[in-house]
Structures are given as structure tokens and as C-alpha cells.
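One structure is given below, encoded as C-alpha cells.
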Amino acid sequence: MTTKEKLYEGKAKIIYPTDDEQVYLTYYKDSATAFNAQKKGTITDKGKVNCAIASALLTYLEKKGIPTHFIEKVSEREMLVKAVKIIPLEVVIRNIAAGSLCRETGLPEGQILPQPLVEFYLKDDALQDPLLTPDRLALLNIATPEQITQLQNLAKTINQHLIEFFQSCQITLVDFKLEFGLDHQSNILLADEISPDTCRLWDTQEQDKEKRVMDKDRFRKDLGEVESAYQKVQTRVLNQIEKLENS
């Protein structure tokens, strides 16, 4: 399948059209950003690691009945995906208090939430991805009320599947970000990626608050050993996928 001039380049990936208008090629980069790109850097082989993890987890979710844009992984850094129009919302699911939730509410880091919290943020770097209230969601008319309800339900279902999966990897899923898109038939599909870039992951085998971090917080907070943390996630995820396939 041939590709053309890039369609879009984001912080972590490049999207290329192909000779099939319903299929895109996604290339995963090693570049890393934090705080809405105020901090920039490179994580060696991040593209390879995230492509492998995202491919495995999107395939896993497809088997659980979650509609995704994923088609197949075609190289270490590339996957084919269904062409979608991204809904400009970041859907964040929180299971444990961390990050901005602690800064904005005063909740202590590590407090387990009584139930998963689903939040919507406007996907707009220039505005610093603001949190949207239900009324602001309605005002902006980004999605219909029915679509918003569908996004909430999908997010909760995906969360439950991923909590259970990561638990089997000895990893705690603290919180994570999802993005969704509409295909040519206006079906909502899970898009983007699921990786240490988009999830806050803690090693359940590690008690030290800094050492347990297995995600982009290592880059954000200058904790070091970023590459090895990502690689640990990859190893555990792929090993668990192999176990499931052989069971």
C-alpha cells in the first residue's frame, strides 16, 4: 500500500493517507512533550515501544467488542488504521487521584476514587485543553447528546477491560486519555493510541512513589529511566497477550 505526503503531524505521530481513502498509515515518533508541548525531548525507541503496545491493546479491546480504528501493525513504528474524523475531545478516565486532579481539587495523590471519573477536555493546544462542563459541551456542539453518552459508556467499558488487563500485568491503571473518531458511516471508533504516553501506570510490585512510575510522568518530572520504564510496560503487556493467546 503506497502512501502520499503526510496528512497531519502531531506531537507523537505522523498520519499519512494511502491509496485507499478509507485507510491511513500512522507513524510513531520518538519525540516527547509535556505540559502542552512546553517541555520537549526525545525518548529513545519510544515510537517502536508505543506502536507495539498500542497495537496489542487495540487488538485486545477489539476482541472485547470495542470498535477501534486499528487494522494492523505493518512495521516496528507503523500501523494501518481506518480513516476517521477525530472528535475534538480528550476523554479522561480516572481511577485514582493523581496529576491535575490533585492540583485542582486538593485530593491526595493515590486516593482511590469511589467510582471511575470520566471527564471531557477540549482538544485544543492553543487553549491548553480546558476541562469542559456539561453546559460547555452542549454550547460548543462538538458532539450530540447521544454521542456524548456513547463516549461516556465506551470509556467506562474500556476502563474496566484495561483495569483487569493491566492488573494481570502487575500494573495499576491510575488514569488515561482516550480519543475517538467518526468513520465514513459516522460510527464512533476508538482512535489514537493506548500507551505509556496516554496512561498513568504504576508498578504494583513497587512501593516507592517514584520508582513505581511506568509512564510519561518519568519524563514530565525528570525521574530518569524513561526508556526502561516504557520497555517494562511493553514486555509485560506483550507477555500477557501471549499468555492469553496460548490459553
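Computed from the coordinates by the stated procedures, all read-outs in this text should not be read as laboratory data. Remember, it's a predicted structure, so these values are computed and weren't measured experimentally. Note that we place each Cβ from the backbone using ideal geometry, even for glycine, and neighbour counts take in every protein chain shown.
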Rg/Rh for the range 85-224, where both radii come from Cα atoms and Rh is the Kirkwood radius: 0.97
Please list 3J(HN,Hα) in residue order for the range 192-205, calculated via the Karplus relation 6.51 cos²θ - 1.76 cosθ + 1.60 where θ = phi - 60°; whole Hz, with x for glycine and proline. 6, 8, 10, 6, x, 6, 10, 10, 9, 10, 10, 6, 5, 8
How big is the dipole moment of the chain about its Cα centre under a simple scheme where the beta carbon of each Lys and Arg is +1, that of each Asp and Glu is -1, and everything else is neutral? Debye, nearest 20, please. 340 debye
Looking at this model, which pairs from 40/156; 123/156; 11/209; 11/221 are more than 24 angstrom apart at the alpha-carbon? 40/156; 11/209
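Find me the longest stretch of the chain that has none of the exposed GluC sites (Glu not before Pro), where exposed means in a DSSP loop (not H, G, I, E or B) with at most 10 other Cβ atoms within 10 Å.
In short, 22-247.
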Below 16 Å, Cα to Cα, which aspartates and glutamates can residue 39 reach? Residues fewer than 8 away in the same chain don't count. 30, 125, 129, 197, 215, 217, 222
Hey, fewest Cβ within 10 Å first, where do 20, 129 land in order? 20, 129
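Which value results when the Cα radius of gyration for the range 8-82 is divided by 2.2 N^0.38 Å? Walk me through the intermediate numbers first.
Working: Rg = 13.2 Å, N = 75, 2.2 N^0.38 = 11.3 Å.
Working it through for the range 8-82, the quotient is 1.16.
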Set of aspartates and glutamates with alpha-carbon distance to residue 4 below 15 Å, sequence-local pairs under 8 removed: 19, 20, 21, 78
Dipole of the chain, positive direction: furthest Cα of 112, 190, 74, with charges on the beta-carbon: 112
On full extension of the chain, what length is gained from residue 39 through residue 220, given 0.36 nm per residue of separation minus the C-alpha to C-alpha distance? 64.4 nm
So how far, in whole Å, is the C-alpha centre of the range 107-125 from the one of the range 136-181? 11 Å
√(5λ) per eigenvalue of the Cα gyration tensor, the chain, largest first, Å: 25, 23, 19
Charged-residue dipole, Cβ positions (Lys, Arg, Asp, Glu), the range 85-224 about Cα centre, Debye nearest 20: 180 debye
Provide the FRET efficiency to the nearest 0.05 for the residue 131-residue 8 pair, computing r from the beta carbons and using R0 = 25 Å. 0.50
